[in-house]
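> Pasting in a structure now, in structure tokens, and then I'll have a few things to ask.
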Amino acid sequence: MKGTASAAGSATIVNAISTGKGAAFAIDLRVQAEVELEEEMSGVTGKVENASEDPLLIETCVRKVLEFYGVVEDYGAKVKTTSDLPTAVGLSSSSAAANATIIATSAALGEEIQSEKAINLGIEAAFDAGVTVTGAYDDASASFYGGAVVTDNEERVLLEKFPMDSDLAVLVFLPQDKSYTSDVDIKRTKLISKLVESAHDEALSGNLYGAQTLNGLLYSSVLGYSSLPALRAIEAGALSAGLSGTGSAIVAISEEENIENIEERWKDEASEIIVTRPSEEGGRIENE
């Protein structure tokens, strides 16, 4: 009994940590999960492609699905994830891993899990594993559905969904350091909550580019990141740019003709620059 699935990473439009309301869009970098269930096995054993990352999240996701279908006592499991996404830089690697694992486990059981149930099981697993502060419903929804989403994370409600232009480029500036969401000083982010609400309003009205740039400037200021990479990208022709998640990645959205200009502005400060695209495709079963 095997299942294979994948889900998209995502980038921030509005970070929900300050207000409980967020927005994000899917990017064409994915996490793939392979789940194998065996009746003679007990427990869940997980393996992450990057051995420095803890498999607790994906192991918890498998258990959540087995519990949901009432078969947790019937099967043991092995789960393995591989990823195009760098971890702990703000590109929703945890949400993508959770979604992919939930879908793959359901597929291994011969089931097709309902979308919101899958997202919520992944969020519950993320809380249990200690890898989220808000539940990241915005990131999880973008990863699962594709496109851009605007959400109320506290109520777990999808407020609006927008298509993203897949002809645009997404450039990701990666500095040297990683940032784990669970390490963020929540109280400090409350200082900018009124302004973040304005960014969320802009996203809800469809001004995704303006919302992303404003959000990035705001969170960079309270989390101690430089805003210069985002501003340099905009100077080089990007439609928008800003901090993704709680960092450390800066994500710019640009027309293809400006990719080289942005890379030139970033090359001296980045440890890596990734060029990808928005994704309209979210979570999917891979072995059908």
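The values are calculated or read from the model by the stated rules, or taken from the named source; none is laboratory data. In this text the structure is predicted, and so the values were computed from the model without any measurement. Don't worry about glycine lacking a Cβ; one is built from the backbone with ideal geometry, like all the others, and counts go over all protein chains shown. With ligands, DNA and RNA removed, areas are computed over all heavy atoms of the protein, side chains included. Shrake-Rupley method; radii C 1.70, N 1.55, O 1.52, S 1.80 Å.
> Take GLU269 and decide whether it is more than 19 Å from LEU29 (Cβ to Cβ) and either in contact with a Pro (Cβ under 9 Å, 6 or more places away or on another chain) or buried (at least 22 other Cβ atoms within 10 Å of the Cβ) (or both).
yes
> Condition test on VAL72, is it farther than 30 Å from GLY216 by Cα, open to solvent by 30 Å² or more (accessible area, probe 1.4 Å) and among the aliphatic types (A, V, I, L, M)?
So VAL72 fits the description; yes.
> Among the residues of region 104-142, which ones are touching a strand residue (DSSP E or B) at 6+ places or on another chain (Cβ under 8 Å) and among the β-branched types (Val, Ile, Thr)?
THR105, THR134
> So is TYR145 of a type outside the set (Lys, Arg), open to solvent by less than 20 Å² (accessible area, probe 1.4 Å), touching a residue at least 40 places away in the same chain (Cβ under 8 Å) and in the same structural domain as ALA98 (by the TED database) or not?
no
> Quick one: which residue in LEU239, LEU217 is in contact (Cβ under 8 Å) with a residue 60 or more places away in the chain, of a type in the set (A, V, I, L, M), farther than 24 Å from THR87 by Cβ and outside the structural domain of ILE27 (by the TED database)?
Details: LEU217 fails: in contact (Cβ under 8 Å) with a residue 60 or more places away in the chain.
Answer to the selection: LEU239.
> Further question: Restricting attention to region 108-141, and to residues there that are surrounded by fewer than 24 Cβ atoms within 10 Å (Cβ to Cβ) and of a type in the set (Gly, Ala, Ser), which single residue is nearest to LEU158 (Cα to Cα)?
Ranking the qualifying residues of region 108-141, first place goes to SER115.
> Let me ask you something else. I'm trying to understand the selection: among the residues of region 85-100, which are more than 18 Å from VAL251 (Cα to Cα) and open to solvent by 10 Å² or more (accessible area, probe 1.4 Å)?
ALA97
> Hey, another quick one. Name the residue, out of GLY22, GLY9, GLY43, that is small (Gly, Ala, Ser) and surrounded by fewer than 19 Cβ atoms within 10 Å (Cβ to Cβ).
Sole residue among the options that is small (Gly, Ala, Ser) and surrounded by fewer than 19 Cβ atoms within 10 Å (Cβ to Cβ): GLY43.
> Among GLU53, GLU67, GLU59, GLU34, which is the only one that is open to solvent by 10 Å² or more (accessible area, probe 1.4 Å), in a loop (DSSP other than H, G, I, E, B) and not polar (S, T, N, Q)?
It is GLU53.
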